[in-house]
Amino acid sequence: MAANNRRMSGKKGAQVGSGGQRRKGLEGRGPTPPAEMRKGHKKNRIANAKAKQSVRRPAPRGRGGKGTSEMVVGRNPVVEALREGVPAVTLYVQQFIDNDERVREALQLVADRGGVHLMEAPRPELDRMTNGLNHQGLVLQVPPYEYAHPEDLAAAAYDDGEDPLIVALDGVTDPRNLGAVVRSVSAFGGHGVVVPERRAAGMTAGAWKTSAGTAARTPVARATNLTRALEAYKKQGIVVVGLAADGEHEIGDLEALGGPVVIVVGSEGKGLSRLVGETCDFRVRIPMPGGAESLNAGVAAGIVLYEAAHRRD
């Protein structure tokens, strides 16, 4: 109490001080911490996500399972598949086949590629293999596709120091649409495509052809349950954006496309399923002044991927 009286009286003597706190307040705070340590910075977000991934690192690719072996039947389809780089195990050629230009090209493509077995078989055997389809003496065996796991796509992005950019397909059953989406994901720097295990297109020879070779470097993951896969992405801090004709936002107004994001594309006719739509953080629409009711999955995904890539530049 006496000390307080002395301070209030204005007389000289012992004074209650700040304990050096005021002097400390005048000192500088040192150098600016690196971006990885600044809360809210993009690099800090990526570093935190990578740290979480290192604690619970998913198994290597392949947990999505394998597809089934496929047969490409007929001279033109076989030649086109070989031209487009569709993976192949064996080319079956009918004994005593008429050696036309397409047969010669198929044989040359197999020879140039290497690693593809060449087998000669009697017509009855090819009829049995193809269930009586018009094979025209050429049958190409395509190996089962090895799918990634959805977690692998995000992990690969974080390993590269990038925000994940992933496309998920809900109810898309045309393999050509899947191939077109794979091609767009590759073109705009995405990290892969997720498809449901059931009632959905898979990586068939048709999908490979439409991807124009990009399926060799853009992974496709298969989810047992798409809704649960999307929820798992959300727990990692990845925003789930669904495309819908009646979406509340336009793609040009959604800032979330510039960060870690999964873009969900539904079928051309039905759009997003109810559960998937409810799982999305945002539902966005593509403005179409021309009045078209909808776009196919490949075109719609390409438009949104362009917008996302533009925001990341």
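The values are calculated or read from the model by the stated rules, or taken from the named source; none is laboratory data. Everything numeric here is computed off the predicted structure, so don't read it as measured data. Ideal geometry is used to build each Cβ from the backbone, glycine not excepted, and the neighbour counts take in all protein chains shown. Surface accessibility is based on the protein's heavy atoms, side chains included, excluding ligands, DNA and RNA. Shrake-Rupley method; radii C 1.70, N 1.55, O 1.52, S 1.80 Å.
Quick look at the numbers
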quantity: Region 173-188: number of residues that are open to solvent by 10 Å² or more (accessible area, probe 1.4 Å) and in contact with a helix residue (DSSP H, G or I) (Cβ under 6 Å, 6 or more places away or on another chain); calculated: 8
quantity: Subset of region 214-255 (residues that are closer than 17 Å to Gly189 by Cα and assigned to a helix (DSSP H, G or I)); calculated: Thr214, Ala215, Ala216
quantity: From Ala301, Ala256, Ala309, residue being of a type in the set (Gly, Ala, Ser) and touching a helix residue (DSSP H, G or I) at 6+ places or on another chain (Cβ under 8 Å); calculated: Ala301
quantity: Scope region 256-265; condition in contact with a strand residue (DSSP E or B) (Cβ under 6 Å, 6 or more places away or on another chain) and either acidic (Asp, Glu) or part of a helix (DSSP H, G or I) (or both); matching residues; calculated: Ala256
